[in-house]
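Taking it in order: structure first as structure tokens, then the write-up.
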Amino acid sequence: MTEEQINLPDAWIRKQLIQFNQILPVRLQRHDTETFQEWFLRIGFQPSHLLIKAYLLERYTEKATTLSERDKQTIQGEFGAFMHQFD
């Protein structure tokens, strides 16, 4: 199976969510009709308020979201911790 090339958005948080989705087992990947909240609930992923706020600000406002390197590491850690259960 070849990996489909996806054009990633400029926003860091949106890139992270797309990449997270791509590495999940197929049964846990986001359905086209799901909101992110519905998807997270279905797969049992409990994102921090930091991740939710960053995504919602980026997705639904005109503000550019600026995350510190520490915040980015925290969010990446959340994704990594969730993925660890599939090792």
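Taking the accessible area of the chain, probe 1.4 Å, and keeping the other protein chains in place, the carbon and sulfur fraction comes to 50%. Computed over the stretch 40-85, the convex hull of the alpha-carbon atoms projects to a mean area of 3.5 nm². Pairwise inverse Cα distances across the chain, averaged and inverted, put the Kirkwood hydrodynamic radius at 13.8 Å.
Taking all protein chains into account, the per residue accessible area for the chain stands at 75 Å² (1.4 Å probe).
The values are calculated or read from the model by the stated rules, or taken from the named source; none is laboratory data. Remember, predicted model here, so these are calculated numbers, not experimental data. What goes into the accessible areas is simple: the full protein's heavy atoms, side chains included, and nothing from ligands, DNA or RNA. Shrake-Rupley method; radii C 1.70, N 1.55, O 1.52, S 1.80 Å.
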